[in-house]
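Reading through the structure tokens given below for one structure.
No lab work stands behind these numbers, since they all come straight from the coordinates. Model, not experiment: these values are computed from the prediction. Methodologically, a virtual Cβ is constructed for each residue, glycine included, from the backbone with ideal geometry; neighbour enumeration extends over all protein chains shown.
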Amino acid sequence: MSSPEAKVQPQDPVRRQGRLAALKNILPVLQMVWESGPRTVLGSLVLRVLAALVPVAVLVVARWIVDDVVASSAAGTGMTPQLWRWVAIEFGLAVLGAVLLRGIDYLGVVLRENYTRHISLKLMEQASRLDLATYEDPSFYDRLERARVQATDRLVMVAAIARFLQLGLTTVSLCVGILVFSPWILLNIVVCLVPAAIGEAYFGAMVYALNFRHTPKRRELDYLRQLGASKESAKELKIFGLSSFLMRRYDSLSRELLTDVVALSARALSGLSVLSVVGTFGYYGAYAFVVYKAARGELTVGELTFLAGAIAGANRSLQELSVTGAGIADQALYIRDMLAFFSLAPGIRSKPDALPVPRPIRRGLEFRDVTFTYPGRTQPTLQGVSFHIAPGERLALIGENGQGKTTLVKLMMRLYDPTGGQILLDGVDLRDYALEDLWHEVGVIFQDFARYEMTATHNIAVGRIDRSEDAELIAQAAQKSLANTVIEQLPLGYAQMLGRRFEGGVDLSGGEWQKIALARAYLRDAQMLVLDEPTAALDAKAEQDVFNRFGELSAGKMALLISHRFSTVRMADRILVLEGGRIVEEGPHDLLLAGGGRYATMYETQASRYR
């Protein structure tokens, strides 16, 4: 099903937020730029102000040079000391202008790197604050993609604003010079450029609307590119012959985008070309008028030189101002998505007066009539779930896929809040505890655990990143999960880069990765241990070795184990059978097996495969 954003018509974003109204978005971005490097921003502004005044100063000096040359030529005095001074001053202005431009470029590079670093960290920080439910909403990824692109691309807008200010100051100074001689010349130039400015603004809005509508398709194109050239999918692409299918899909989608872009670009080409002719008439009309006045002797040659240069410069600057201003307005429209991303607030967060998690936990964790329905769904995933797990107890959770086992774990760690009922820790609602404190007391390995393209040390240390420099503690966690047997075989041991993304990296098998992930959970040394299919990728012997140690390592802790393997499940003190989002059976292995219910049926079905 397509997301709501995918159905937005091209004009909708522009209607929702007009171009003028969107300009208010510039201020937050300028604040971010200032935060990334105040001294760099200030230095760049000073250099741009000076650079803006240089062209006018050059024209003024050129006027005086020409008038002095005419006077010296008529008097036969040749090159006077005054002329030498004017030439030296003009040379100095030219050198100053060149140095200022280099300085502006240098500070621009510094500012770009500082801003990119600053905004990337802000994006990462904001993304880390958002709820897990946010990431499970497909439309969120369209918004996130636009925010990522906009966050770094908006530096173009910042540079455009600086350029606009510099152009504006240059234009004002040139226009003042023209105004002194004739207000009508200036009015003629400005009026003739208005249609082109309106055209730039209109087509800029159309481009933004088109890009907005294309976001889901561009995200699919990125996915197809990745899928068509990734290690994970290479085997199936070859065996199933999927490359041609993916290429056809990519070709079809990209052609749709190409057709839309070319059509809009063709309209812009024809429309803006006509409007630019109107602006050219304004410039040459003013130029012809100045030449006419000079031919009648109403202007000196120096004044003609100044006015001709000022008119050309003002016309060029006004056009650039129009294009730059329209670009800034376009960029301001794009900023809306970035600012909307930064304004997202997590629904699951700590209360102002949140409690610390008790150390030690004395009464345990209790689910009391808990119901949970995922956002956007009507059918509950969990319905009326109630159970209790005490400190030192090992609880196993079994059930077919899709019955809500992992959802129950997410609720237990407060990655979600229940839509009904309560989850209590030592008799206190889980929502009353500080989130970070709660997470600190949970060691967890998910079935879809992350495989970090980092060293073996850091792959384990993410379980308790504040102890990443404690080599002894990390080695102990590796021994507990048997990951040490994997790491000791690596060329660089704990310093070995894992994965194939970076040069020198070594990939691991599924079972080896799982031992690394288990080490993270053990490194946590938390009061609650949650293992979601912790041995799914291990062979029978490795599984037995892991769980021989699991019994020792979970002593004194609340341990929740999810597994489809009954050889693993039977070691638990108590077993919960989840079906249809409800707990249908509960008890130790022998009792459930003797009861002949759902657990016994599942156990016999699995056992029959080995007879």
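5 Å is the cut-off here: which amide hydrogens, built 1.01 Å from N in the peptide plane, fall below it relative to THR373, excluding neighbours closer than 5 in sequence? The answer is THR381, THR419. Taking only the C-alpha atoms of segment 302-363, the Rg (one decimal) and the largest Cα-Cα distance, Dmax (whole number), read 28.9, 95 Å. Sorting 510-519, 461-470, 343-352, 559-568 by their mean Cβ neighbour count within 10 Å, with the most densely packed peptide first, gives 510-519, 559-568, 461-470, 343-352. Using θ = phi - 60° in the Karplus curve 6.51 cos²θ - 1.76 cosθ + 1.60, the 3J(HN,Hα) couplings for segment 312-324 round to 4, x, 5, 4, 5, 5, 5, 5, 5, 4, 4, 5, 5 Hz; x is entered for Gly and Pro.
Full extension of the chain between ALA450 and SER128 yields a length gain of 114.4 nm, computed as 0.36 nm times the residue separation minus the alpha carbon distance. Phi angles across segment 261-277 convert, under the Karplus curve 6.51 cos²θ - 1.76 cosθ + 1.60 with θ = phi - 60°, into 3J(HN,Hα) values of 5, 5, 5, 5, 5, 5, 4, 5, 4, 5, x, 6, 5, 5, 5, 5, 5 Hz, Gly and Pro given as x. Per residue, the convex hull spanned by the Cα atoms of segment 350-503 measures out at 174 cubic angstrom. Summing +1 for each Lys or Arg and -1 for each Asp or Glu among the other residues whose beta-carbon sits under 15 angstrom from that of LEU42 gives +1.
Close amide H partners of GLN496, meaning residues 5 or more places away or on another chain with modelled amide H under 5 Å apart, are ALA456, THR457.
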